[in-house]
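Please read the structure below before turning to the comments.
The values are calculated or read from the model by the stated rules, or taken from the named source; none is laboratory data. All values reported here derive from a predicted model rather than from experimental measurement. Please note: Cβ atoms are built from the backbone with ideal geometry, for glycine as well, and neighbour counts cover all protein chains shown. Calculation scope for accessible area: heavy atoms of the full protein, side chains included, ligands and nucleic acids excluded. Shrake-Rupley method; radii C 1.70, N 1.55, O 1.52, S 1.80 Å.
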Amino acid sequence: AILRKNPALMVISNAVLEDRIQRCPQNMDISTWLLPSTKGRRKIVQQSGAKLIGEPILASLDASFDSLVKIYPSIASAAKELSIPESVVCEACRNRKPGRNGYYLASLTETPLVSPQDPLKATIPSYKKTMSISIFCSGGIYPSDNTDVARGQSRTGGLAIQVFADGSSAEKSQFLQEFSSAANSCFGIRIPAGKNDDGSMLIAVFPLVNPSTRRCGLFACSGALKILEAFLKSKRNEKDTLYDVKVYTDSNYSWKFLNSKEKLIELGSHFTFHEMLSRLNVPGYSVNIDILHPLARSFGRLNGRVQPLESAPWTFYNANVQFLHSMDGVPLNDGGLRYVKRLKRQAKSAAMWQFKRERNLV
């Protein structure tokens, strides 16, 4: 019991321990006499609490500091690794608000101001306006998978993404213009959407290797999030508008991975695809990890998930994103089915265009 209360006794010499035992007053119990001394400790704590000089700095995922990610030896060390001035670190410790990388900072001797039972209460913003956005995604390949196509034949892929938004005509027009500009910056080879193009449609060529129906469908979902990040980049500081986004996919394969928001956010918390694979416990080729990993990382950022210190992109705090199946977003009638099939044909048309282009047929 004595060693549990004062582990330092295990590393001192026998001579020092014997001397301390001999100096024990007769009216005091030996277990009380061997407790850690508080001599000089109060003065040190007061000085470090005032100036934070040499004080260890805690970095946490939440305001309750129950999920520590790193402990910096000092203010200077934290400032150097986070690439911010020491004054900013001190201010973050005082204000208890997430910094540039989305982490909460606090000195070791200070108690978090937010109750652990409700760690996010002080950080949940209130929005004056909500903008609802729907994005439909589809992917296709050419030639199609059927018994008439020889195994091993070269294929090309394509994807189609269309966006819809609520609001007045002026708001929709402004949104589609900005969204179209963001989409054009995210994809290389794009196919004209037609004469009546209002900026809501993106038809592009699948840019990765080994195109397949599954890979193209999953990449269309990843591309939708990529466009969304580019669109929201300039709106990161808008605190009065929440962008409520629903991304619809017609791929049952993609839906299998994306239907659980919590699971996808948890997968996105892994900085490397090796960590994600260890979590999935399946071979990388079976889940198309080269597409799924950046998709999950982007999904976490868009839903306000704080990022690891190694991560360069910042977190978005004004968006709420979820994946749904396309049949959940269209009327269950002939009109809804025609729309889903038409988007599929447009994705396949991009694959067909690329197939002919590679053979100098266009």
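Give the residue, chosen from G194, G167, G199, that is loosely packed, with under 12 Cβ neighbours inside 10 Å, modelled with pLDDT under 90 and of a type in the set (G, A, S).
G194
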Would you please name the residue that is modelled with the lowest pLDDT, looking only at residues in segment 78-92 that are surrounded by 20 or more Cβ atoms within 10 Å (Cβ to Cβ) and under 23 Å from Y317 (Cα atoms)? L82
When both residues are 6+ apart or on different chains and their Cβ atoms are under 6 Å apart, which pairs have a first residue that lies in segment 192-205 and is touching a residue at least 24 places away in the same chain (Cβ under 8 Å), and a second that is part of a loop (DSSP other than H, G, I, E, B) and open to solvent by 30 Å² or more (accessible area, probe 1.4 Å)? M201/A193; I203/A193; V205/I189
Looking at (1) over 14 Å from L295 (Cα atoms); (2) in contact with a helix residue (DSSP H, G or I) (Cβ under 7 Å, 6 or more places away or on another chain); (3) surrounded by 15 or more Cβ atoms within 10 Å (Cβ to Cβ); (4) among the hydroxyl-bearing types (S, T, Y), which is the only condition S185 fails? (3)
With the structure loaded, tell me whether G217 is at pLDDT below 90 and not hydroxyl-bearing (S, T, Y) or whether it fails that test. no
Failed condition for A50, given (1) modelled with pLDDT under 70; (2) open to solvent by 70 Å² or more (accessible area, probe 1.4 Å); (3) over 45 Å from the mean Cα position of the chain (by Cα): (3)
Could you grab me the full set of residues in segment 333-362 that are under 13 Å from P143 (Cβ atoms), in contact (Cβ under 8 Å) with a residue 12 or more places away in the chain and basic (K, R)? K348
Tell me which residues, restricted to segment 244-276, are hydroxyl-bearing (S, T, Y), under 16 Å from I291 (Cα atoms), open to solvent by less than 30 Å² (accessible area, probe 1.4 Å) and out of contact with any Lys or Arg (no Cβ under 6 Å at 6 or more places or on another chain). T249, S251, S254
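Quick check, is V209 without any contact (Cβ under 8 Å) to a residue 12 or more places away in the chain and of a type in the set (V, I, T)? Don't jump to the end; show me each part of the working.
On the way: without any contact (Cβ under 8 Å) to a residue 12 or more places away in the chain: yes; of a type in the set (V, I, T): yes.
The answer is yes for V209.
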Count of segment 211-247 residues which are in contact with a Gly (Cβ under 8 Å, 6 or more places away or on another chain) and under 19 Å from T130 (Cα atoms): 1
